[in-house]
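Shown next, in structure tokens, is the structure this report addresses.
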Amino acid sequence: MAASILLAPSLSRFKFLLLRSFIPRLRKPSLISHLANRSLTSPSLKPCTRVATRSVPSFSSRHDVVMLGIETSCDDTAAAVVRSDGQILSQVVSSQADLLVKYGGVAPKMAEEAHALAIDEVVQQTLDNAKLTEENLSAVAVTIGPGLSLCLRVGVQKARRIAGKFRLPIVGVHHMEAHALVARLVNKKVQFPFLALLISGGHNLLILAQSLGHYVQLGTTIDDAIGEAYDKTARWLGLDMRRGGGPALEELALEGDATSVKFSVPMRQHKDCNFSYAGLKTQVRLAIESRNLPTENVPISSASSDDRRSRADLAASFQRVAVLHLEERCQRAMEWALKIEPSIKYLVVSGGVASNRFVRARLNDVAGRNGLELVCPPPRLCTDNGVMIAWTGIEHYLMGRFDPPPPPNEPEDFQYDLRPRWPLGEEYSEGRSVARSVKRARVHPSLTSIIQGSLTQQ
């Protein structure tokens, strides 16, 4: 697949050619254009010393970088301005909670339209709250994948328009890497290598972060992610979805008996670190049907006391097994990670589901038993946000990995480099799943393979 990928004039050229830092000489535009039409695998392609139009900041100015981050990968329109010293100058998030309730989940076309309506105001409010203008920015970072293509396009288009108009470098960001790296913003003790569990509505991912841009995938989901299972169960139980299925279910579970319903823990027969929640969802649905609970027609707010107790028992039992599946996979991942990198000290848990207090408490116990410290960003930085995009942009920008400013007036039908299916790292040999091997169509090469490939080109 790599042989067919061209160096298009896109946000993520830096991921194909690792830029050498601290060299002020600029490349001529003609050479950039020439490289943009050459394949990475072409034997005649020479490593490029510089494709950015600004020099990487010197060490003395590294704390002065000001990054605008834009995130539109799914159902939240978010932006933030962050300084390279870790100061969050502002952040704004526009939620699509009402659309989620109306359509029973994310409807890509509706989500795209909501992003398009909100993006200008979100970015402007972010800059206003930071008391800055685009002229004060060092660069712009934006999510280019993974996510929904229609949604990604809105953020990328906005970022490129700003970067083009104000001649700013631009950094394409991997959404899941951003979830992992935001822990380094909130806790400066977190240094590479570390283990990360990234859990959200669309992703379950266990990675060993060896260095910036170098990740080993220890495990991922083979079907549904834990966040999707939480949301679906919450909807089946008739919970109020306006603030999210996960928080609603977590609250109801506090009233229930977690041992009252005997759900099976997924994939215990598989000695790897991969996840599966499709079967657990089926168990929950069958349990609801067997109890004849009128959950579809009677919301939890109108349920009788006995009905509410039954729903609470189901919620608590589901949550216990769903999180136990996380615990067991994390235990094995820690054993693997410590074998590869014995110096690991931290387990980073991030993503929307990491806001769940029960999840944090259980994983804190698992980390402690293995001599690791659990690090979770605050809840506002676990869900999708612009801060994590800006911070990840800063980390790569300071390594010299950024694109030059795009043209100021790109056509409306410009083909942006969007990566809806984009692995973060290469699979660990012991963690490869045969079940997933047939689902590799239209998947971009991993971020790690691209960056490591550029290193070997130098």
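The values are calculated or read from the model by the stated rules, or taken from the named source; none is laboratory data. Quantities reported herein were computed from a predicted structural model and do not represent experimental measurements. FYI the Cβ positions are ideal-geometry reconstructions off the backbone, even for glycines, and counts take in every protein chain you see. Accessible surface is based on the protein model in full, side chains and every heavy atom, while ligands, DNA and RNA are left aside. Shrake-Rupley method; radii C 1.70, N 1.55, O 1.52, S 1.80 Å.
Taking region 338-367 as the range and being small (Gly, Ala, Ser) and free of Cβ contacts under 8 Å to residues at least 60 places away in the same chain as the test, the residues that pass are 361, 367.
Quick grid of which residues meet (1) in contact (Cβ under 8 Å) with a residue 24 or more places away in the chain; (2) farther than 30 Å from residue 211 by Cα:
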{"residue": "246", "(1), (2)": "yes, yes"}
{"residue": "251", "(1), (2)": "no, yes"}
{"residue": "254", "(1), (2)": "yes, yes"}
{"residue": "272", "(1), (2)": "yes, no"}
{"residue": "283", "(1), (2)": "no, yes"}
{"residue": "299", "(1), (2)": "yes, yes"}
{"residue": "308", "(1), (2)": "yes, yes"}
{"residue": "319", "(1), (2)": "yes, yes"}
{"residue": "322", "(1), (2)": "yes, yes"}
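Residue 334 passes every criterion in (1) within 29 Å of residue 184 (Cα to Cα); (2) open to solvent by less than 20 Å² (accessible area, probe 1.4 Å); (3) of a type outside the set (D, E, K, R); (4) in a loop (DSSP other than H, G, I, E, B) apart from (4). Evaluating residue 113 against the criteria (1) crowded, with 24+ Cβ neighbours inside 10 Å; (2) free of Cβ contacts under 8 Å to residues at least 24 places away in the same chain leaves one unmet condition, (1). Here region 339-360 is the region considered, the condition is being among the hydrophobic types (A, V, I, L, M, F, W, C) and open to solvent by less than 50 Å² (accessible area, probe 1.4 Å), and the residue that is nearest to residue 379 (Cα to Cα) is 354. Taken over region 59-99, residues that are within 17 Å of the chain's Cα centre (by Cα), part of a loop (DSSP other than H, G, I, E, B) and not hydrophobic (A, V, I, L, M, F, W, C) amount to 3.
Screening 242, 285 for residues that are surrounded by fewer than 21 Cβ atoms within 10 Å (Cβ to Cβ) and either at pLDDT below 95 or part of a loop (DSSP other than H, G, I, E, B) (or both) leaves exactly one candidate, 242. Looking only at region 340-370, residues that are in a helix (DSSP H, G or I) and within 19 Å of residue 175 (Cα to Cα) come to 4 in all.
When 207, 162 are checked against the criterion of being more than 30 Å from residue 406 (Cβ to Cβ) and not charged (D, E, K, R), 207 stands alone in meeting it.
Test residue 341 against the criterion of being within 22 Å of residue 176 (Cα to Cα) and more than 23 Å from the chain's Cα centre (by Cα), and give yes or no. It is true that residue 341 is within 22 Å of residue 176 (Cα to Cα) and more than 23 Å from the chain's Cα centre (by Cα).
Within the set 394, 389, the sole residue that is buried (at least 24 other Cβ atoms within 10 Å of the Cβ), in contact with an Asp or Glu (Cβ under 9 Å, 6 or more places away or on another chain) and assigned to a helix (DSSP H, G or I) turns out to be 389. Any chance region 303-316 includes a residue that's charged (D, E, K, R), closer than 25 Å to residue 268 by Cβ and crowded, with 17+ Cβ neighbours inside 10 Å? Scanning region 303-316, I find at least one residue that is charged (D, E, K, R), closer than 25 Å to residue 268 by Cβ and crowded, with 17+ Cβ neighbours inside 10 Å, so the answer is yes. Residues in region 99-119 that are modelled with pLDDT of 90 or more and not charged (D, E, K, R): 110, 111, 114, 115, 116, 117, 118, 119.
When region 116-131 is limited to residues that are of a type in the set (D, E, K, R) and more than 18 Å from residue 142 (Cα to Cα), the one that is surrounded by the fewest Cβ atoms within 10 Å (Cβ to Cβ) turns out to be 131.
If you go through region 253-270 and keep only what is of a type in the set (Gly, Ala, Ser) and in a loop (DSSP other than H, G, I, E, B), you end up with 256, 258, 260, 264.
Taken as a whole, region 371-379 holds at least one residue that is in a helix (DSSP H, G or I) and either closer than 30 Å to residue 129 by Cα or of a type in the set (Val, Ile, Thr) (or both).
Only residues that are outside any helix (DSSP H, G or I) and open to solvent by 20 Å² or more (accessible area, probe 1.4 Å) were counted across region 223-238, and they come to 2.
Screening 174, 203 for residues that are modelled with pLDDT under 95 and not aromatic (Phe, Trp, Tyr) leaves exactly one candidate, 203.
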